[in-house]
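Accompanying notes for the structure given below.
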Amino acid sequence: MSEELHDVRLTVNGATHEIRVPARRLLSDALRHDLRLTGTHVGCEHGVCGACTILVDGEPMRSCLMFAVSAVDHEITTVEGLTNPDGSLGPVQQAFAECHGLQCGFCTPGFLTTITAGLRENPAPTHEEARDMISGNLCRCTGYQNIVKAVERAAELSS
Amino acid sequence: MKPAPFAYRRPGTLAEAVSVLAGEPDAKVLAGGQSLVPLLSMRLASPATLVDINAITGLDVIETIDANDAVDGQYGEHGGVRVGALARHAAVLASPDVRRVQPLVSMALQHVAHATIRNRGTTVGSIVHADAAAEMPVVLRLLGGSVEVEGPAGRRTIPASELFLGPLQSSLAHDEIAVSAYFPALAPGAGVAFDEIARRHGDYALVGAAAHVDGESVRVGYLSVGDVPTVVDLSGVADDDLGEAALAHLDPPDDIHATADYRAQLVRVLTTRVVRSARDMAEDA
Ligand SMILES: Cc1cc2nc3c(=O)[nH]c(=O)nc-3n(C[C@H](O)[C@H](O)[C@H](O)COP(=O)(O)OP(=O)(O)OC[C@H]3O[C@@H](n4cnc5c(N)ncnc54)[C@H](O)[C@@H]3O)c2cc1C
Ligand code: FES
Ligand code: FES
C-alpha cells in the first residue's frame, strides 16, 4: 500500500515552500529533511527537551508535536530566521555568544526561539523571570547559569 | 519514534468532523496534539485516521455565563465559564474573566506543563484525555462542571461525575467530539486552592490537590493517587485530622516516580495546605 501524500504549503522565515509529504511527517522532520533547515534540532521527539522549539505565529511550540499538514495556516520562524536582516546575529544569538550560553549547541536553537518570544512578551525580565522563561528547555552541558545570563544580556541588547 | 501511517482529515465544520468519525471506527480526534502526538510517535496508539479539528471555526471561545443566564439550573446558580475545544491552555490561563469567575481554573493551569506546551495544548483536550495525573480533570470534577459533546445523534452534556471511567478513559463515544467544558463560578464567600508536588516545575505531579471550601462544606480533589480524578468530602473533619481522613478514602499507588508511602505523606501535607489556603480565601472574601 503506498501512503497517501499531501501537498503542503509552509511559510517559514517569510518564505513559502511547497512540499509533498505523508500526513505523519512531523513538522520537525519536514523542516529538517524536506526544507533542509537543519537548525531546528530533534532530541526526545515527545515534547520534553525543547530542542525542536520553533515559533508558530510568534508563539513557541514544539515542532516534534505538530504535523507538517497541520502547519499550513501559520507563519513559522526557525532559528535560521532569528538573524538580523543583514545576516548578522540577532540580539539573543549575540547574547549567547557573549555569555558563553552554549557548549555543544544541541539545545541552543530551542533556547533561542523560546527566549526571542519570551523577551517580546516581557522585554525586561527579572532574574527569576529569566529562569522561568527557559524552564521548559533542557541543556545537558551548560548548567543553565550562562543561559540565564544570556537572557538578561539579550534584554539589554534589545532595549 | 515516528508515527505509523494514518489517513488525515481536516474538516472545516463540526458536522463534517462528526460524520468522518462516525464513518471510521478507528479514527481519533487531533486537538493540540500535546498528548496524542507523543503516543503516536511512541506507537502506543496507531489510529487509521486522524480528524484534525484545528480548522473548525468558533471552537476557541472563552466566555463567562452570568448567574442571570443560568436560570435553567444547567449552569449552576452562580453562572461560570465556558471554554471551547480549541481554547489553548495559554489563552485560558491569560483570561482575566476566567481568573475572576473561577480562580481555581487559573491556579491549576499554572501547573499544567510548560508555557510552550500550553501554547498548543487545549484545556478541553486535557479533560477528555482523562489522565488521572492531569490537573484539569480534577478541577472539573471538584467544581461539578461538565463537558458538552456533539455526536451523530446531536449534542449532550456529560457531568464531570460521569466523565472519567478509568486510566485515560472517558465516557465520550468514539464518534463524539467535545465542544466545550463548563466550570461553575466560585460562589460568593467560598474559597479554592491548588497545590502539587512535582520533581521539576512543569512535570506531571507526584501528587496534586485542589480544595473547595464553602461554609461548612470542605472537599478536596486529588491527582496522581488513583486511576481517575478522586474527590473526598472532608466536611466537619478537625484540622489536625484532614490528611488521615483523606487517606481513608485513597489508595496512593507505588510506581517508578514515587513510593506509596511517600505519596501518602504528600497527601497529608497537601491536604492541610490547600484546605487552609482555601479557607483563607473564603474568609478574605
Ligand atoms: C512535556 C509535556 C508535559 C506535559 N505536562 C502536563 C502536565 O503537567 N499536566 C497536564 O495536565 N498535562 C500535561 N501535558 C499534556 C498537555 O496538557 C496536553 O495539552 C493535554 O493533555 C491534551 O490536550 P491536547 O489539546 O494537546 O490534546 P491531543 O493531544 O490532541 O488529544 C489528547 C486525546 O484527547 C482526544 N481529544 C482531544 N480533544 C478532543 C475533543 N475536543 N473531542 C474529543 N476528543 C478529543 C484525542 O483524540 C486524544 O485521544 C504535557 C504534555 C507534554 C508534551
Ligand atoms: S525533540 Fe521536540 S521537545 Fe524534544
Ligand atoms: S549546550 Fe549542550 S545541551 Fe545545551
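Any idea which of A:Gly47, A:Gly58, A:Gly110 is within 14 Å of another protein chain (Cβ to nearest Cβ), touching a residue at least 40 places away in the same chain (Cβ under 8 Å), within 15 Å of ligand 2 (Cβ to nearest atom) and open to solvent by less than 50 Å² (accessible area, probe 1.4 Å)?
A:Gly110
Name every residue in the range A:30-42 that is open to solvent by 40 Å² or more (accessible area, probe 1.4 Å) and out of contact with any helix residue (DSSP H, G or I) (no Cβ under 8 Å at 6 or more places or on another chain), in order of residue number.
Selection gives A:Arg32, A:His33, A:Arg36.
So that you can scan it fast, the table gives a plain yes or no per residue for (1) outside the structural domain of A:Glu129 (by TED's automatic domain parsing); (2) under 30 Å from A:Arg131 (Cβ atoms); (3) touching an Asp or Glu at 6+ places or on another chain (Cβ under 6 Å); (4) of a type outside the set (A, V, I, L, M):
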position: A:Glu18; (1), (2), (3), (4): yes, no, no, yes
position: A:Gly47; (1), (2), (3), (4): yes, yes, no, yes
position: A:Ala51; (1), (2), (3), (4): yes, yes, no, no
position: A:Pro60; (1), (2), (3), (4): yes, yes, no, yes
position: A:Phe67; (1), (2), (3), (4): yes, no, no, yes
position: A:Pro109; (1), (2), (3), (4): no, yes, no, yes
position: A:Thr113; (1), (2), (3), (4): no, yes, no, yes
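Among the residues that make up the range B:62-72, is at least one of them over 30 Å from B:Val98 (Cα atoms) and touching a helix residue (DSSP H, G or I) at 6+ places or on another chain (Cβ under 6 Å)?
No; the residues of the range B:62-72 include none that is over 30 Å from B:Val98 (Cα atoms) and touching a helix residue (DSSP H, G or I) at 6+ places or on another chain (Cβ under 6 Å).
Go through the range A:1-19 and give me each residue that's under 22 Å from A:Gly58 (Cα atoms) and either within 14 Å of another protein chain (Cβ to nearest Cβ) or open to solvent by 70 Å² or more (accessible area, probe 1.4 Å) (or both).
A:Val8, A:Arg9, A:Thr16, A:Glu18
Does B:Ile256 fit the bill of being within 26 Å of B:Gly125 (Cβ to Cβ) and exposed (fewer than 14 other Cβ atoms within 10 Å of the Cβ)?
Taking the combined requirement at face value, the residue satisfies it.
When you scan the range B:180-211, how many residues do you find that are in contact (Cβ under 8 Å) with a residue 24 or more places away in the chain, assigned to a loop (DSSP other than H, G, I, E, B) and of a type in the set (D, E, K, R)?
1
Any residue at all in the range A:139-152 that's within 13 Å of another protein chain (Cβ to nearest Cβ), within 15 Å of ligand 2 (Cβ to nearest atom) and among the aromatic types (Phe, Trp, Tyr)?
There is no residue in the range A:139-152 that is within 13 Å of another protein chain (Cβ to nearest Cβ), within 15 Å of ligand 2 (Cβ to nearest atom) and among the aromatic types (Phe, Trp, Tyr).
Conditions tested, residue by residue: (1) open to solvent by less than 40 Å² (accessible area, probe 1.4 Å); (2) under 15 Å from the mean Cα position of the chain (by Cα).
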{"site": "B:Ala153", "(1), (2)": "no, no"}
{"site": "B:Ser161", "(1), (2)": "no, yes"}
{"site": "B:Leu165", "(1), (2)": "no, yes"}
{"site": "B:Ala209", "(1), (2)": "yes, yes"}
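Suppose we filter the range A:20-29 for residues that are open to solvent by less than 80 Å² (accessible area, probe 1.4 Å), touching a Leu at 6+ places or on another chain (Cβ under 7 Å) and either within 15 Å of A:Arg62 (Cα to Cα) or more than 10 Å from every other protein chain (Cβ to nearest Cβ) (or both); how many remain?
Qualifying residue count, the range A:20-29: 1.
Quick check: anything in the range B:259-267 basic (Lys, Arg), closer than 17 Å to B:Leu104 by Cα and touching a residue at least 24 places away in the same chain (Cβ under 8 Å)?
Checked the range B:259-267: no residue is basic (Lys, Arg), closer than 17 Å to B:Leu104 by Cα and touching a residue at least 24 places away in the same chain (Cβ under 8 Å).
State all residues of the range A:58-79 that are acidic (Asp, Glu), modelled with pLDDT of 95 or more and over 15 Å from B:Ala115 (Cβ atoms); if no residue qualifies, say none.
Result: A:Glu75, single match.
Working carefully through the options B:Asp66, B:Asp72, B:Asp60, find the one that is surrounded by fewer than 24 Cβ atoms within 10 Å (Cβ to Cβ) and at pLDDT 95 or above. Talk me through it step by step, then tell me what you get.
On the way: B:Asp66 fails: at pLDDT 95 or above; B:Asp72 fails: at pLDDT 95 or above.
That would be B:Asp60, the only listed residue that is surrounded by fewer than 24 Cβ atoms within 10 Å (Cβ to Cβ) and at pLDDT 95 or above.
Looking only at the range B:104-137, how many residues end up being part of a helix (DSSP H, G or I), more than 13 Å from every other protein chain (Cβ to nearest Cβ) and open to solvent by 20 Å² or more (accessible area, probe 1.4 Å)?
So the count comes out to 4.
Is the range B:144-158 home to any residue that is in a strand (DSSP E or B) and of a type in the set (Asp, Glu)?
yes
Given B:Asp195, B:Asp175, B:Asp203, which one is surrounded by fewer than 18 Cβ atoms within 10 Å (Cβ to Cβ) and within 14 Å of ligand 1 (Cβ to nearest atom)? Walk me through how you get there before you give the answer.
Numbers: B:Asp195 fails: surrounded by fewer than 18 Cβ atoms within 10 Å (Cβ to Cβ); B:Asp175 fails: surrounded by fewer than 18 Cβ atoms within 10 Å (Cβ to Cβ).
So the residue among B:Asp195, B:Asp175, B:Asp203 that is surrounded by fewer than 18 Cβ atoms within 10 Å (Cβ to Cβ) and within 14 Å of ligand 1 (Cβ to nearest atom) is B:Asp203.
Tell me, please, whether a residue that is without any contact (Cβ under 8 Å) to a residue 40 or more places away in the chain and either under 16 Å from A:Arg25 (Cα atoms) or within 14 Å of chain A (Cβ to nearest Cβ) (or both) can be found in the range B:55-75.
The answer is yes, given that some residue of the range B:55-75 is without any contact (Cβ under 8 Å) to a residue 40 or more places away in the chain and either under 16 Å from A:Arg25 (Cα atoms) or within 14 Å of chain A (Cβ to nearest Cβ) (or both).
The values are calculated or read from the model by the stated rules, or taken from the named source; none is laboratory data. The structure displayed is predicted, hence computed values, not measured ones. No Cβ is skipped: glycine too gets one built from the backbone with ideal geometry, and neighbour counts run over all protein chains shown. Surface areas here come from the heavy atoms of the whole protein model, side chains and all, with no ligands, DNA or RNA. Shrake-Rupley method; radii C 1.70, N 1.55, O 1.52, S 1.80 Å.
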